[in-house]
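**Q** The following block contains the structure, expressed as structure tokens.
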Amino acid sequence: MQTILGANGQIAVELARELAQNHTTDLRLVSRTPQKVNDTDHTVSANLLDADATAKAVEGSDTVYFTAGLPPNTELWERDFPTMLRTALDAARAAGAKFAYFDNTYMYPQDEHVQTEDTPFAPVGAKGRVRAQMATMVLDEMARGEIEVLIARAPEFYGPGRTQGFTNSLVVDRMAAGKRPLVPVRDDKLRTLIWTPDASRALATLGNTPDAYGQTWHLPVDTDRPTYKQFISLAAQAFGTGDGYTVAPRWLLSAAGVLNPEIREIRELLPRYAQDNVFDASKFAQRFPSFAVTTYPRGLETIHAESRSDSL
């Protein structure tokens, strides 16, 4: 039995699909209001803040994936996220299950240095500190050695469906809707984005590879990293639109955060958009050379096809 905790998000949905297609149909999906992805899925309703409910939901599992997310609310993150993770780790340990933690890069320095699995944590802002605390918690569990643990870390998302991310909301979703895209801070710095189905496929691969445990992994990305100017040009070709855009400077986004709570919650991430963002996933590529990464043109074409089918 393989169990996904936090089973409603885009990563979890794609993960369930990939596990059923290529690894196992003995899947348990756990969230407050879980929904089946595959006909063979088992669903369990549980609040990850409830230790007893989480332990019961994980019981009998041989592998547990933590893909839970929270809305971008700092108070919520500080109050609930570490507790949810601690509860999940305790439940996995009680079940003797392997634990695969899906992570992001919020705790990394927001500078131009290449990001590798050995990059030290230097969080900027409250949400970065929460993510550093959580990653450290998982590393401590890994060092404890009572259960097998791995960390799968992804950069910023872009992708189909309900994919959430700065680039999706400001650029991709707007272009798909025929609106002018907004570029955060700079249009001439390199970006590293991960196609969400690739992230989920890679997480499934790691979770079912015995020697992947006991390590941190950067999930695979297209190494042809574009600037936002280049990314929008690719999107314009895929969507059949113009390639015009507006650059929203950091001061404007910071000021907008005074009135807009959604923008206020992402202001701590803005420094990274003033720098090249180079996320190195060569370790994964060397270990899994046959893993096919989705290119940016192919990903954008897929989003365009999906948006057209949704409009019919």
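**Q** If we keep just the residues of the range 209-237 that are polar (S, T, N, Q) and surrounded by 17 or more Cβ atoms within 10 Å (Cβ to Cβ), which is farthest from Gln10 (Cα to Cα)? Talk me through it step by step, then tell me what you get.
**A** Filtering the range 209-237 down to residues polar (S, T, N, Q) leaves 209, 215-216, 223, 227, 230, 233, 237.
Checking which are surrounded by 17 or more Cβ atoms within 10 Å (Cβ to Cβ) leaves us with 216, 230.
Details: Thr216: 22, Gln230: 26 Å.
Filtering the range 209-237 for residues that are polar (S, T, N, Q) and surrounded by 17 or more Cβ atoms within 10 Å (Cβ to Cβ), the one farthest from Gln10 (Cα to Cα) comes out as Gln230.
**Q** Additional query: Could you please find all residues in the range 238-256 being small (Gly, Ala, Ser), at pLDDT below 95 and surrounded by fewer than 17 Cβ atoms within 10 Å (Cβ to Cβ)?
**A** Gly240, Gly242, Ser254, Ala255, Ala256
**Q** A further question on this structure: Go through (1) over 19 Å from Leu270 (Cβ atoms); (2) touching an Asp or Glu at 6+ places or on another chain (Cβ under 7 Å); (3) touching a residue at least 24 places away in the same chain (Cβ under 8 Å) and name the single condition Thr227 misses.
**A** The one condition Thr227 does not meet is (1).
**Q** Here is a follow-up. I'm trying to understand the selection: among the residues of the range 131-170, which are in the same structural domain as Ser233 (by TED's automatic domain parsing), surrounded by fewer than 19 Cβ atoms within 10 Å (Cβ to Cβ) and free of Cβ contacts under 8 Å to residues at least 12 places away in the same chain?
**A** Selection gives Ser169 alone.
**Q** Determine which single condition Tyr228 fails, assuming it passes every other condition in (1) hydroxyl-bearing (Ser, Thr, Tyr); (2) in contact with a Ser or Thr (Cβ under 9 Å, 6 or more places away or on another chain); (3) at pLDDT below 95.
**A** Only one criterion in (1) hydroxyl-bearing (Ser, Thr, Tyr); (2) in contact with a Ser or Thr (Cβ under 9 Å, 6 or more places away or on another chain); (3) at pLDDT below 95 is unmet by Tyr228, namely (3).
**Q** Identify all residues within the range 1-33 that are buried (at least 22 other Cβ atoms within 10 Å of the Cβ), without any contact (Cβ under 8 Å) to a residue 40 or more places away in the chain and either more than 19 Å from Leu85 (Cα to Cα) or under 19 Å from the mean Cα position of the chain (by Cα) (or both); write none if there are none.
**A** Ala16, Leu27, Leu29, Val30, Ser31
**Q** Provide a single number: the residues in the range 279-303 that are small (Gly, Ala, Ser), surrounded by 21 or more Cβ atoms within 10 Å (Cβ to Cβ) and assigned to a helix (DSSP H, G or I).
**A** Within the range 279-303, residues that are small (Gly, Ala, Ser), surrounded by 21 or more Cβ atoms within 10 Å (Cβ to Cβ) and assigned to a helix (DSSP H, G or I) number 1.
**Q** Looking at Asp90, Asp52, Asp41, can you tell me which residue is out of contact with any helix residue (DSSP H, G or I) (no Cβ under 7 Å at 6 or more places or on another chain), in the same structural domain as Arg131 (by TED's automatic domain parsing) and at negative phi?
**A** After applying the criteria, what remains is Asp52.
**Q** Hey, among the residues in the range 179-238 that are among the charged types (D, E, K, R) and under 19 Å from the mean Cα position of the chain (by Cα), which one's farthest from Asn168 (Cα to Cα)?
**A** In the first step, residues of the range 179-238 are kept if they are among the charged types (D, E, K, R); the result is 179-180, 186-189, 191, 198, 201, 211, 222, 224-225, 229.
Add one more test, that the residue is under 19 Å from the mean Cα position of the chain (by Cα), and what stays is 191, 198, 201, 222, 225.
Working: Arg191: 13, Asp198: 16, Arg201: 20, Asp222: 17, Arg225: 16 Å.
Looking at the filtered set, the residue picked out is Arg201.
**Q** Here's another thing I want to ask about it. Could you please tell me which pairs satisfy a Cβ distance under 6 Å, a separation of 6+ or placement on different chains, a first residue in the range 44-70 that is touching a residue at least 40 places away in the same chain (Cβ under 8 Å), and a second residue that is of a type in the set (Phe, Trp, Tyr)?
**A** Hits for this filter: Val64/Phe99; Phe66/Tyr101; Thr67/Phe102.
**Q** Would it be correct to say that Phe99 is buried (at least 18 other Cβ atoms within 10 Å of the Cβ) and assigned to a strand (DSSP E or B)?
**A** yes
**Q** Still on this structure: Considering (1) part of a loop (DSSP other than H, G, I, E, B); (2) at pLDDT 95 or above; (3) of a type in the set (Gly, Ala, Ser), say which one Gly69 fails and leave the rest.
**A** The number of the failed condition is (2).
**Q** OK, next. Just to be sure before I move on: is Leu193 buried (at least 23 other Cβ atoms within 10 Å of the Cβ) and either free of Cβ contacts under 8 Å to residues at least 12 places away in the same chain or closer than 24 Å to Gly242 by Cα (or both) in the structure I sent?
**A** Answer is yes for this residue.
**Q** Name the residues in the range 57-85 that are more than 19 Å from the chain's Cα centre (by Cα) and farther than 26 Å from Glu18 by Cβ, would you?
**A** Matches in the range 57-85: Glu75, Arg79, Thr83.
**Q** Continuing with this model, one more query. Only one of Val221, Val183 is under 30 Å from Gly244 (Cβ atoms), at pLDDT below 95 and in contact with a strand residue (DSSP E or B) (Cβ under 9 Å, 6 or more places away or on another chain); which?
**A** Values: Val221 fails: at pLDDT below 95.
Being under 30 Å from Gly244 (Cβ atoms), at pLDDT below 95 and in contact with a strand residue (DSSP E or B) (Cβ under 9 Å, 6 or more places away or on another chain) holds for just one of Val221, Val183, which is Val183.
The values are calculated or read from the model by the stated rules, or taken from the named source; none is laboratory data. Because the structure is predicted, anything quoted here is derived from the model rather than measured. Cβ sites come from the backbone with ideal geometry, for glycine too, and all protein chains shown count toward neighbours.
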